[in-house]
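One structure below.
None of the figures in this text is laboratory data; all of them are computed from the coordinates on show. Keep in mind that this is a model prediction, so the values were computed, not measured. Virtual Cβ from ideal backbone geometry, glycine too; neighbours counted across all protein chains shown.
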Amino acid sequence: MKFLRIFVNTLGFMSRLAPARVVPEEELCKSMLTMPLIGLVLGVVLALPWKLGLLAGKPWIQAWLLVIFNAWITRGLHYDGLTDIFDAITAHTSRERFWEVVKDSRCGAFGVLALIFFIAGQLILFHALLDAGRYAAIGFVFVFGRFGCVSFGYFAKHLSRPGLGKLLMDGATFNGSLLALLFTAVVGFYCLPSWSLLLCFVFLTLTHLPLYRLAERVGGANGDFLGAGIMLAELSAMLAVVVLL
């Protein structure tokens, strides 16, 4: 029952698929345990309509709606992290200036550009997957994205700054991260060809390593880094499948 409560709490925090609620810090810290499972639920919800034939034969419209549904269901939470990080990179003249920009609720030009490029990439890659009928792969994208949150949180835990992000990263234990890896690998085994699954992890390393190096240079990582990590992990999974179609 405790795991179920943590799962529902995390689902409400990460999406609109459960009621949002105030979560005690000790339970929020354990949210990382359920992240890939949250991704599986999101993946099923977002991929199933197209698998059932909604707007069949119109992959561009399907892809466009998929991008919109994804942003709406997740409340754009991870998009915000991505734009904050890209805005702050351009002002990275000092650590203090970096974190000043990250905490600024306004979105600058580089954050907008990053968002445009990323959403355009989502649209193009989802179209390719839908056109090829790779519905299971679409579902897996969201599992892999949440695994990206766990893996980045585990490796960057020693860099965490006080706040919500730290609570999540503190929950990325070795055993929990290993379970997340195994869960993701098993789901990926059923959703993707073996070479595509392997390439997912290669691309994840290539996208997360610069993010980790950035965290080292600016002396910390927070929830925005976790959000950017999710977005980059999703992009990694989509690219890994599309390049081997």
For a quick check, take a GNM of the chain with Cα springs below 10 Å and name the residue from Gly121, Gly171, Gly43 with the largest mean-square fluctuation.
Gly121
Per 0.36 nm of contour for each residue apart, how much would the distance between Phe69 and Leu54 grow if the chain were fully extended, relative to their Cα-Cα spacing?
4.0 nm
Quick check on the stretch 54-185: take the gyration tensor over C-alpha atoms, sort the square-rooted eigenvalues as a ≥ b ≥ c, and tell me if it's rounded (a/c under 1.5), prolate or oblate.
oblate
Listed residues Thr93, Thr74, Thr173; largest mean-square fluctuation, Gaussian network over the chain with Cα springs below 10 Å, found at Thr93
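Nearest 0.05, what FRET efficiency do Val44 and Arg97 give at R0 = 41 Å with Cβ-Cβ as r?
With R0 = 41 Å, the Cβ-Cβ based efficiency is 0.45.
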So which residue, out of Val141, Val186, Val101, gets the largest mean-square fluctuation from a GNM of the chain using Cα contacts under 10 Å as springs?
Val186
Out of Leu48, Leu28, Leu232, whose Cα points farthest toward the positive end of the dipole of the chain (charges: +1 Lys, Arg; -1 Asp, Glu; placed on Cβ)?
Leu48
Leu206 paired with Leu77, simple spin-label distance in nm, labels 7 Å along Cα-to-beta-carbon
2.9
If each K or R counts +1 and each D or E counts -1, the residues other than Tyr79 whose Cβ falls under 12 Å of its Cβ total -3
Extended-chain gain in nm, criterion 0.36 nm per residue less alpha-carbon gap, Leu244 and Ala18:
77.8 nm
Residue by residue, what Karplus-based ³J(HN,Hα) values in Hz, rounded to whole numbers, does the stretch 54-67 have, using 6.51, -1.76 and 1.60 with θ = phi - 60° and x for Gly and Pro?
4, 6, 4, x, 10, x, 5, 5, 4, 5, 4, 5, 4, 4
Around Gly163 (Cβ within 12 Å, Cβ-to-Cβ, excluding Gly163; K/R +1, D/E -1) the net charge comes to 0
Tell me, what HN-Hα J-couplings in whole Hz come from the Karplus equation 6.51 cos²θ - 1.76 cosθ + 1.60 at θ = phi - 60° for each residue of the stretch 130-140, using x for Gly and Pro?
5, 4, 8, x, 8, 5, 5, 5, 4, x, 5
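Ignoring everything except DSSP H segments at least 4 long, calculate the 222 nm mean residue ellipticity for the chain; use -39,500 (n - 2.57) per segment, divide by total residues, nearest 500. Each step should come with its number before you reach the end.
Numbers: 12 runs with 186 residues, N = 245.
That calculation yields -25000 deg cm²/dmol at 222 nm.
Past 25 Å, Cα to Cα, is the threshold; run Lys2/Lys166; Lys30/Lys51; Lys2/Lys103 against it and keep the listed order.
Going by Cα-Cα distance, Lys30/Lys51; Lys2/Lys103 fall outside the 25 Å limit.
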Relative contact order in percent for the chain (Cα pairs under 8 Å, 6+ apart) equals 28
State the extension gain, in nm to one decimal, for the chain segment bounded by Phe117 and Glu26, taking 0.36 nm per residue of separation less the distance between their alpha-carbons.
29.1 nm
